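Below is one structure, written out as structure tokens; comments come after it.
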Amino acid sequence: MLSGLKARPLFTVLQMFWCLQRRPLQAGVLLSAVTVLFGMALLGLSGWFISATAIAGLSVATALAFDVFMPSAGIRLFALGRTFSRYGERLITHDATLAAVAVLRVQLFRAWARPHVARALALRPSRLLFRLTCDIDALDSLYLRLCIPLQSALVASLAATLALALISPGLALATLMALALTALPTLSYLWIAGLRPACKRALLVERLRGQAADLLSGQTDLMMTGQLSDHCRTLGHIDRRLAREEDRLHQFDTRAGMTFGLLGSILLSGTLAVTGWLVTTGAIGVPVAVLAVLLALTLAEPLGALRRGAFELARTSLAARRLVPYLTENADITMTPQRSAPVPCDPFALKLQDIHVRHDGAKHDCLHGIHLRIASGERVALVGHSGAGKSSLMAVLTGELQPRLGQLRLIDHAWLTQRTELFNDTLRDNLLLAAPHAQDTALWEALRIAGLFETVARLPSGLETRLGDSGLGLSAGQARRLALARLLLRERALWLLDEPTEGLDKPTAEEVLARLAEQGAGRTWLLATHLRREAALADRLVVLEHGRIIREVRRGSSGFDAALDELRPD
């Protein structure tokens, strides 16, 4: 159970916070300490002033001699100081924490944009969503819910102990021992005992959200396969388990609340008894005794605030262990030593030399000794049956897979994938992903070339038309044309095209290919396909089989038409 609470990831996250927002975090710690001290001074001075005023009023002489201005001014000072320091502490600490979390979220995006990580996360989109929302948000509790309350409790305990020591050293020692023997074990028990249910709760929440997302997105498939009721029962089972873990956490919280309440009552009763005895012996006056009692009363508030941090610690620790490996790695997308830029004046736009590739966890290579050169302006089609290695080779070129052996050189390129990736955003913003600084005239020109100008112009909002998830609102052909427009905005000399018309009807596919042929004149192409209509645009066919290049044929040769005939017809 203790293995789930590892301090190193927590310290790493805290160090990142400190490096990103050092001065605001320091100011927050200082303001929280000032707030605690002002609160204790306000309550203690108020109690002393009320009791001293009452006693002074018993006789005319003491009433006239008693100075009410200085204590009342002190009370106003502490009241205003506590208000402003509390406001400043909340403002600064939350602003600094949110700023640091925003930077860490960007760091996670960059780390997850690396090829092997992106491919793994794409298989579990619900996990990715959970990491970017719940896990990253859980990190702010480390400073706000744990560090600040812990520091406030230490300051309050130290200040109260020192103040009580001036009244009675024995009382101060007894108070310090009571805190050490009661508060620390209670907090430790709460952190350790609540660790397992808190971790289970976090895992169950993640699983519940993933199952709910699967239900919403795959409701039709589940209904057609007769698994909808089973899926709903699974959701209900997870929800009941989640409720049990939350009930356990509430029980721990209740016990901790009772323990801290009992501790406060013991401290208050003990202080009241000791100060009462000191008053009867004449060692201190009644106002000083009231001050001591109220100081003991103020200790309960900062200690109680640690209860929230105790429950958040387990969730924060789990989130830190999940995210720290990505946060601490270099998030920049760097190439491997085998990948290098093309030599200036090199006539080849792409060179592959003895490339060997193996998927993670696989025992054998998926690509073996690939040698390929494509001259500038040449159109080459990678052809072969499904599973021949076309997509793996394209993934190597685009950086999604790293070669195990070999060298790779290619110029800057644009990539048109099989799947059109569109986002829940406006048409303009979907296009600006390819060229963030492009003007509207360039966007409309790209749409005109892609054959979407009239369609978008007829829309009431034009470029401001908002698409749904995955381009909802556009047909498959319109989405493919929008992807083509985005490709044109890239203005790259090398095009990597992975089955660009897969899933389109014949008229739409012919129109997309015609526009690609028109706008791709003078550019270098590498086209992965198993369709005859796409491969017919190439100057050279490279035939892959079982991850190896088995032959190459050029247009005009005897084997070119034969190789086309082996492909799937339109």
- Task: Mind sorting HIS364, HIS237 by how few other Cβ atoms lie within 10 Å of their own Cβ, fewest first?
- Result: HIS364, HIS237
- Item | Two-site FRET efficiency, LEU80 against THR53, from Cβ-Cβ distance with R₀ of 25 Å, rounded to 0.05 | 0.75
- Query: How do 388-395, 176-183 rank on mean C-beta neighbours within 10 Å, highest first?
  - Reply: 388-395, 176-183
- Of 266-274, 39-47, ordering from highest average Cβ density within 10 Å down gives 39-47, 266-274
- Of 155-163, 312-320, ordering from highest average Cβ density within 10 Å down gives 312-320, 155-163
- Query: In percent, how large is the relative contact order of the range 339-565, given Cα pairs closer than 8 Å and 6 or more residues apart?
  - Reply: 28 percent
- Message: Using Cα-Cα distances under 8 Å and only pairs 6 or more residues apart, what relative contact order does the chain have, in percent?
- Response: 15 percent
- Query: For SER376 and LEU184 in the same chain, what is the full-extension length gain: residue separation times 0.36 nm, less their Cα-Cα distance, in nm?
  - Reply: 62.0 nm
- Message: Of all beta bridges DSSP finds with both residues in the chain, what is the antiparallel percent, to the nearest 5?
- Response: 45 percent
- Task: Could you tell me which of LEU494, ALA27, SER168 has its Cα farthest along the dipole of the chain towards the positive end, charges placed at Cβ (Lys, Arg +1; Asp, Glu -1), taken about the Cα centre?
- Result: SER168
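A short reminder: the numbers here are calculations on the coordinates, not readings from a lab. Computed from a predicted structure; not experimentally measured. Here the Cβ is made from the backbone with ideal geometry for all residues, glycine too, and neighbour counts use every protein chain on show.
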